[in-house]
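Undergrad: Got a structure for you, questions after.
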Amino acid sequence: RRVLFRSPGQPLQEITGRLSPTQRLILAALAASTEPLHTETLLGMCFPHTTGSDGTHRMHSHLTRLRAVLRAATDTDPTTRLIAHTAERYHFTDACWVDNHTLHAQLRTTTTSTGSVTGGADPEQAVRQAGAAFALYRGPLLAGLEHDTDTDWLDPHREHTLRTMIDLARHLADHLAATNPAQAATYLGAALHLDPLNDDTARHLISHHLAH
């Protein structure tokens, strides 16, 4: 799979050829997880068949190379950390922008635990932020990665994100039904596109069209 990276203010550049399959897998694991990954968890995701200190040494070696490639791609200061290790957990630093992380971060501030859009002091801003989060979703998380290597860990992340996006689209539609029925129908249509066999969403869309 292709790996594209963007330096601040610069166009996308492909860095696939600079990374080994294992380094691409580490990058994908860090991008898929919305929380810092414990060392043992990252080892299990990227080195499932390696045990003991050998796996740790291999991971450290690949991480060193990965950090070097990303730093060169962004032309950042050598002291700038892009992948950090804090309290036994690996994570991207604030110097990196990851669409999946931004998506979930926006959802945490604009939706309830059930996915409903929260009004707060500025309901319209909440709707805009939730809509911006939905716009970041481009399809299955890390699509195609499963063809490169062993990625059993990816399915739960992918399914959770998909279901979250479907719920968000339906809640946005409910929120906008009275004030912007056309946009509400667009969100319902998007939800149905993500899960074409979902009868509830199909009925929701039909009911919306009949009401408006």
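Undergrad: Looking at 184, 190, which is the one that is within 19 Å of residue 123 (Cα to Cα) and part of a helix (DSSP H, G or I)?
TA: Numbers: 190 fails: within 19 Å of residue 123 (Cα to Cα).
That would be 184, the only listed residue that is within 19 Å of residue 123 (Cα to Cα) and part of a helix (DSSP H, G or I).
Undergrad: Quick test for you: out of 166, 83, pick the one residue that is closer than 21 Å to residue 44 by Cα, surrounded by 12 or more Cβ atoms within 10 Å (Cβ to Cβ), in contact (Cβ under 8 Å) with a residue 12 or more places away in the chain and of a type outside the set (Ser, Thr, Tyr).
TA: Numbers: 166 fails: closer than 21 Å to residue 44 by Cα.
Answer to the check: 83.
Undergrad: Any residue at all in segment 153-171 that's over 19 Å from the mean Cα position of the chain (by Cα) and either closer than 30 Å to residue 30 by Cβ or assigned to a helix (DSSP H, G or I) (or both)? I'd like the intermediate steps shown before the answer.
TA: The first filter runs over segment 153-171 and keeps only residues over 19 Å from the mean Cα position of the chain (by Cα), leaving 170-171.
Then drop every residue that is not either closer than 30 Å to residue 30 by Cβ or assigned to a helix (DSSP H, G or I) (or both), which leaves 170-171.
Yes, because at least one residue in segment 153-171 is over 19 Å from the mean Cα position of the chain (by Cα) and either closer than 30 Å to residue 30 by Cβ or assigned to a helix (DSSP H, G or I) (or both).
Undergrad: Quickly run through segment 49-73 and pick out the residues that are open to solvent by less than 70 Å² (accessible area, probe 1.4 Å) and either in contact (Cβ under 8 Å) with a residue 60 or more places away in the chain or not in a helix (DSSP H, G or I) (or both).
TA: Selection gives 50, 70, 73.
Undergrad: Within segment 106-113, is there a residue that is assigned to a helix (DSSP H, G or I), modelled with pLDDT of 90 or more and on the phi < 0 side of the Ramachandran plot?
TA: Pass one, segment 106-113, residues assigned to a helix (DSSP H, G or I): 106-110.
When the remaining residues are screened for being modelled with pLDDT of 90 or more, the result is none.
No, that holds for no residue.
Undergrad: Among the numbered conditions (1) at pLDDT 90 or above; (2) in a helix (DSSP H, G or I); (3) open to solvent by 70 Å² or more (accessible area, probe 1.4 Å), tell me where residue 43 comes up short.
TA: The failed condition is (3).
The values are calculated or read from the model by the stated rules, or taken from the named source; none is laboratory data. Small disclaimer: the values here were computed from a predicted structure and weren't measured. Using ideal geometry, Cβ is built from the backbone for each residue, glycine included, and neighbour counts are taken over all protein chains shown. With ligands, DNA and RNA removed, areas are computed over all heavy atoms of the protein, side chains included. Shrake-Rupley method; radii C 1.70, N 1.55, O 1.52, S 1.80 Å.
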